[in-house]
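J.: My structure is below; once you've seen it, I'll send some questions.
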Amino acid sequence: MKSSKASSAEDLLPERVPKGLYYGGEWHRAASGVITVSSPSTGAELAQVGSASAADLDEAVKAATAGQKLWGRTTPRERTLAMREAANVIRANKEELARLDALDSGNSLKGMLFDVELAASLMDFFAGLATELKGETVPVGAGKVNYVVREPVGVVARIVPFNHPLMFACAKLAPPIMAGNSVIIKPSEETPLSSLKVAELIGGLFPPGVLNVLNGGPDLGAGLSTHPGIASVSVVGSAATGRAVMRQAADTLKHVSLELGGKNALVMFPDADVEKAVQSAVKGMNLPWTAGQSCGSTSRVFVHESLYDTVVDQLAAAFDAVKPGDPLSPGTEMGCLSTRGQYDKVRGYIEIAQNEGARMVAGGDVPEELSHGFFVRPTVFADVTPDMRIAQEEVFGPVLSVLKWSDYDSLIEAVNGVDYGLTASVWTRDISQAMHAVDDICAGYVWVNNSSDHFLGTPYGGMKQSGIGREECLGEMLSYTEQKNVNITFET
Ligand code: NAD
């Protein structure tokens with residue numbers, strides 16, 4: 001990648017971001033280690049931020065433990081007020097936060113403005129759930145009262161990926177904090193800037209030690225997963241990282257929650273509304289949002305043979321029409337890939353698909369005028385068969401595979417014949433057909449005649465290698481509690 005100088009607008013933003021580690025309500029210089037953050041769209045260096053060592057982590061856990069003791073005793077109203085205020089502050093800084101994420105991740109500004117709104121909505125949603133930490137009473141006979149209360153687990157570590165930096169930092173801190181825990185957020189080492197800004201903006205709205213942000217890579221992730229002072233660890237990331245975190249957390253028997261990858265199917269039945277289904281297949285790839293780098297992207301489209309040629313032509317035209325451009329420009333339809341690793345991986349899969357015999361009908365190349373960044377044109381492969389790597393493995397980029405089907409049982413076998421089970425989208429006007437497919441498809445989040453949208457308060461998460469646990473719902477907040485059963489005997 002050629003290097004190029006960032007524009008003056010780009011120079012400005014990272015200057016306003018703290019570069020240290022935030023814990024105990026204060027900024028700290030990392031004991032050793034630095035992460036260089038650069039722009040994937042220009043190659044310009046944006047900042048050097050401190051990288052937390054094992055000693056830094058120990059100090060942060062001490063601070064988080066102390067903060068949790070105070071926070072765990074607060075009333076539901078106090079928690080709600082603090083989280084609502086935090087959501088308002090995030091909203092009030094929407095432009096700057098979105099620009100930081102566009103700069104740091106290469107996602108489009110349009111997409112990142114949406115992410116800031118989504119982040120604030122999720123914080124508001126969890127702020128409203130403070131009184132839902134309810135227990136229950138259990139009948140056990142005369143002379144006894146038996147009841148169950150929920151208590152916070154303690155210090156919670158949340159490890160997040162690069163694709164929605166601000167949105168994940170905010171959405172993941174809210175449920176454990178509302179349940180009375182303290183949190184250590186570890187942003188991706190590739191995109192830490194907006195999380196640092198979040199700490200600066202809202203850290204002081206909570207008692208010291210409640211919200212902490214530590215930068216670092218896999219070593220810090222491993223430290224968080226093994227630290228005896230941390231009760232719960234969750235990761236949003238790849239299946240390989242999920243497996244590593246689960247193994248690492250075993251010795252201290254932490255609560256573990258995993259939101260991992262996807263290889264999601266969108267199925268068109270013969271009676272599908274083709275125009276809407278094609279639009280949905282494009283929307284389902286989340287191109288304007290994250291250049292396809294979304295776990296929920298519907299990257300396998302199964303089209304009935306009666307519609308196949310028409311749909312392939314329409315998808316090719318629709319993908320060709322999406323032009324990658326400068327992530328920071330408000331009119332940009334799609335930004336770039338977030339990291340060198342992502343860029344190499346996506347280009348590698350385009351080559352693999354061609355070698356395996358898939359037919360490239362759109363994209364596949366790098367826009368000449370954008371060769372200074374990690375830009376790849378939205379790409380469609382037709383004539384993909386279920387055994388091809390492009391149909392099995394998560395590309396995590398703007399690459400769509402189209403598969404032809406004719407027989408329902410073979411279709412379901414192919415849809416379910418991958419390691420993942422995160423989302424699926426079914427297109428038919430026949431409600432019975434839709435309900436059969438919903439029953440038969442192994443996925444945690446299913447749309448009928450829609451794709452991509454998330455609905456506040458509904459459980460989001462995956463089956464099989466897509467993870468363990470559900471998020472964006474009441475269950476997520478409750479997963480950061482322990483149940484305590486109390487049995488009282490009294491004189492009758
Ligand atoms: P990644 O797994 O490489 O990294 C995710 C985070 O885990 C980063 O913060 C990283 O530093 C950390 N990490 C890496 N190795 C670790 C280890 N051994 N122990 C502890 N932490 C470790 O993922 P990525 O490349 O940043 O993100 C892309 C992946 O995330 C894709 O697979 C995508 O599908 C998945 N994802 C899932 C969801 C979901 O909700 N299911 C949402 C977004 C992304």
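J.: Being in the same structural domain as GLU45 (by TED's automatic domain parsing) and touching a Lys or Arg at 6+ places or on another chain (Cβ under 9 Å) narrows it down to one residue among ALA171, ALA142, ALA120; which is it?
T.: Exactly one of ALA171, ALA142, ALA120 is in the same structural domain as GLU45 (by TED's automatic domain parsing) and touching a Lys or Arg at 6+ places or on another chain (Cβ under 9 Å), namely ALA120.
J.: Looking at (1) at positive phi; (2) part of a helix (DSSP H, G or I), can you tell me which one GLY141 breaks?
T.: Only one criterion in (1) at positive phi; (2) part of a helix (DSSP H, G or I) is unmet by GLY141, namely (2).
J.: What are the residue pairs meeting all of these: first residue in the stretch 157-169, first residue under 12 Å from THR290 (Cβ atoms) and in a strand (DSSP E or B), second residue near the ligand (Cβ under 10 Å from one of its atoms) and open to solvent by 20 Å² or more (accessible area, probe 1.4 Å), Cβ atoms under 7 Å, and 6 or more apart or on different chains?
T.: Once the first residue is under 12 Å from THR290 (Cβ atoms) and in a strand (DSSP E or B) and sits in the stretch 157-169, no partner that is near the ligand (Cβ under 10 Å from one of its atoms) and open to solvent by 20 Å² or more (accessible area, probe 1.4 Å) comes close enough.
J.: Does the stretch 276-287 contain any residue that is within 15 Å of the ligand (Cβ to nearest atom), assigned to a helix (DSSP H, G or I) and not basic (Lys, Arg)?
T.: Taking every residue of the stretch 276-287 in turn, none turns out to be within 15 Å of the ligand (Cβ to nearest atom), assigned to a helix (DSSP H, G or I) and not basic (Lys, Arg).
J.: Could you list, in sequence order, all residues of the stretch 133-167 that are of a type in the set (S, T, N, Q) and in contact with a strand residue (DSSP E or B) (Cβ under 6 Å, 6 or more places away or on another chain)?
T.: Of everything in the stretch 133-167, those that are of a type in the set (S, T, N, Q) and in contact with a strand residue (DSSP E or B) (Cβ under 6 Å, 6 or more places away or on another chain) turn out to be THR137, ASN146.
J.: Now for a different question. Can you list the strands (runs of 3 or more DSSP E) lying wholly within the stretch 186-270 that have 3 or more residues being surrounded by fewer than 22 Cβ atoms within 10 Å (Cβ to Cβ) and not assigned by TED's automatic domain parsing to the domain that holds PRO176?
T.: Because the criterion is at least 3 residues that are surrounded by fewer than 22 Cβ atoms within 10 Å (Cβ to Cβ) and not assigned by TED's automatic domain parsing to the domain that holds PRO176, no strands (runs of 3 or more DSSP E) in the stretch 186-270 meet it.
J.: Considering only the stretch 123-130, I want to know if a residue exists there that is part of a helix (DSSP H, G or I) and either among the polar types (S, T, N, Q) or surrounded by fewer than 16 Cβ atoms within 10 Å (Cβ to Cβ) (or both). Don't jump to the end; show me each part of the working.
T.: Let us first name the residues in the stretch 123-130 that are part of a helix (DSSP H, G or I), namely 123-127, 130.
Still in the running and either among the polar types (S, T, N, Q) or surrounded by fewer than 16 Cβ atoms within 10 Å (Cβ to Cβ) (or both): none.
No, the stretch 123-130 contains no residue that is part of a helix (DSSP H, G or I) and either among the polar types (S, T, N, Q) or surrounded by fewer than 16 Cβ atoms within 10 Å (Cβ to Cβ) (or both).
J.: Right, something else. Collect the residues in the stretch 457-492 that are hydrophobic (A, V, I, L, M, F, W, C) and within 15 Å of the ligand (Cβ to nearest atom), keeping them in residue-number order. Let's see the steps before the verdict.
T.: Of the stretch 457-492, the ones hydrophobic (A, V, I, L, M, F, W, C) are 463, 468, 473-474, 477-478, 486, 488, 490.
Across the stretch 457-492, the qualifying residues are MET463, ILE468, CYS473.
J.: Kindly establish whether LEU400 is open to solvent by less than 20 Å² (accessible area, probe 1.4 Å), outside the structural domain of PHE125 (by TED's automatic domain parsing) and within 14 Å of the ligand (Cβ to nearest atom).
T.: Taking the combined requirement at face value, the residue does not satisfy it.
J.: Report every pair of residues separated by at least 6 positions or lying on different chains whose Cβ atoms are under 7 Å apart, first residue within the stretch 53-82 and over 30 Å from ASP219 (Cα atoms), second part of a helix (DSSP H, G or I).
T.: From the stretch 53-82, the pairs are PRO76/ALA130; PRO76/THR131; ARG79/ALA130; ARG79/MET178; THR80/ALA127; THR80/ALA130; ALA82/LEU205.
J.: Okay, next question. Go through the stretch 290-328 and give me each residue that's among the polar types (S, T, N, Q), assigned to a loop (DSSP other than H, G, I, E, B) and open to solvent by 40 Å² or more (accessible area, probe 1.4 Å).
T.: Across the stretch 290-328, the qualifying residue is only SER306.
J.: Of the residues that sit in the stretch 288-313 and are farther than 14 Å from ASP453 by Cα and of a type in the set (Phe, Trp, Tyr), which one is nearest to the ligand (Cβ to nearest atom)?
T.: PHE302
J.: I've got another one for you. I need a count of the residues in the stretch 461-492 that are open to solvent by less than 40 Å² (accessible area, probe 1.4 Å), assigned to a strand (DSSP E or B) and not charged (D, E, K, R).
T.: Of the residues in that region, 3 qualify.
The values are calculated or read from the model by the stated rules, or taken from the named source; none is laboratory data. None of the values given here were measured: they were computed from a predicted structure. Positions of Cβ are generated from backbone atoms using ideal geometry, with glycine treated the same way; all protein chains shown enter the neighbour counts. In case anyone asks, the SASA skips ligands and DNA or RNA and just uses the protein heavy atoms, side chains included. Shrake-Rupley method; radii C 1.70, N 1.55, O 1.52, S 1.80 Å.
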